[in-house]
Every structure is written in C-alpha cells, then in structure tokens.
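Asker: Got a structure for you, questions after.
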Amino acid sequence: MSTVLVIARVLFGFLFLSSGINHFTKLESMTGYAKYKKLPAAKLGVLISGLMMVAGSLSIIFGYLVDLGALLLFVFLIVATVIFHGFWSETDATAKMTETINFFKGISLAGASLIIYGYIHYLAQLEKGANALLAGLQAQPTTAPIVPMVKPLAVGITQGFGWVISKGHIALWK
C-alpha cells in the first residue's frame with residue numbers, strides 16, 4: 001500500500017509542479033491571460049498562484065506536511081476555478097462548453113486535494129487511537145502476547161505519507 005500511495009502522490013503532484021513552474025517561466029503570457037480575465041494585480045496573482053502550486057505539489061510529492069500542501073492546492077483550485085473558468089458568463093457555445101469542462105476539472109481536483117487532506121487526518125486519528133491502545137496495554141500487567149501484535153499496527157497505519165500537521169503537533173510518519 002505504501003508504494004501505491006507514493007506513486008499516487010507523485011502523479012497528483014506532478015500536474016501542479018509543472019503548472020506552477022510555468023507560472024514563473026512564462027510569467028508574461030500568464031500575466032496577460034490573468035489581465036484578460038480581469039484579475040486585479042495580475043502579475044502578483046500569477047506569482048502567488050505559482051508559488052502555491054509549487055509548494056503544495058512538492059509537499060505532496062515528498063511527503064512533507066502533506067495536509068498543508070493539500071490545503072494550499074485546494075485553496076488555489078477553488079479560487080482559480082471560479083475566477084478563470086466562469087462558464088456561466090460565456091455567451092459563445094464553444095467557449096461555454098470549454099469553460100464548463102475546465103470548471104468541473106478544477107472542482108474535481110479541488111475535491112481530490114480535500115480527500116488527501118481528510119485522509120491524512122483520518123490516519124492521524126487511527127495512529128492516535130492505536131498509540132493510546134498500545135500505551136494502555138503496556139500499563140497493564142499481562143502475560144498474553146497482545147502488545148507485540150498491537151505495536152506493528154501503531155507503527156504501520158500511517159506508513160507512506162511523511163511529515164503531517166495535526167492538531168497542535170507535528171508527527172513523523174514513516
């Protein structure tokens with residue numbers, strides 16, 4: 001399962017990494033498009049969105065603060081999708097169809113980012129519960145081999161995601 005999650009992180013993150021890099025390497029053309037879409041402070045918006053995409057994607061790809069990276073991409077996607085793919089204001093049928101497709105792609109990717117964020121916090125709760133169970137079992141005298149069976153559960157639940165922000169602390173997940 002860990003290998004599948006790593007492959008999924010890389011595949012998901014690569015789209016945003018390449019797009020984010022394009023925001024910097026093709027700054028003038030991106031700024032022109034942002035001005036066309038009437039984005040105030042277009043150049044600044046392009047730079048900020050590029051930074052959000054690069055930081056979010058690298059976070060997810062390398063497994064470092066994955067939930068923060070997922071939230072960055074979620075915020076970027078919601079804002080960019082609404083600003084740049086407003087199909088409701090298009091009058092040309094072809095443009096309306098194109099913007100509708102792009103709108104729903106953006107919303108879907110935002111949903112995927114939210115799934116990553118939610119999954120990370122779900123795993124954090126599982127780990128917290130498994131560690132509490134492990135601590136409780138170790139505190140009770142027993143002759144049964146329960147503790148060795150619980151420890152792999154507590155260590156293995158979150159394998160494959162790296163550093164993650166959770167309520168009030170940062171935990172290293174291996």
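Taken together, the values in this text are just the output of simple stated rules run on the coordinates, not laboratory data. Computed from a predicted model, the values in this text were never measured in an experiment. Here the Cβ positions follow ideal geometry from the backbone for every residue, glycine too, while neighbour counts run over all protein chains shown.
Asker: Against the conditions (1) surrounded by fewer than 16 Cβ atoms within 10 Å (Cβ to Cβ); (2) within 26 Å of Y117 (Cα to Cα), where does L58 fall short? Just the number, please.
Answerer: Only one criterion is unmet by L58, namely (1).
Asker: Conditions first: (1) surrounded by fewer than 16 Cβ atoms within 10 Å (Cβ to Cβ); (2) of a type in the set (A, V, I, L, M); (3) in contact (Cβ under 8 Å) with a residue 40 or more places away in the chain. L65 passes all but one, so which condition is the exception?
Answerer: Answer for L65: the failing condition is (1).
Asker: Could you pull out the residue among L44, L72 that is crowded, with 21+ Cβ neighbours inside 10 Å, without any contact (Cβ under 8 Å) to a residue 24 or more places away in the chain and either out of contact with any Phe, Trp or Tyr (no Cβ under 6 Å at 6 or more places or on another chain) or not polar (S, T, N, Q) (or both)? Walk me through how you get there before you give the answer.
Answerer: Working: L44 fails: crowded, with 21+ Cβ neighbours inside 10 Å.
Matching residue, one of L44, L72: L72.
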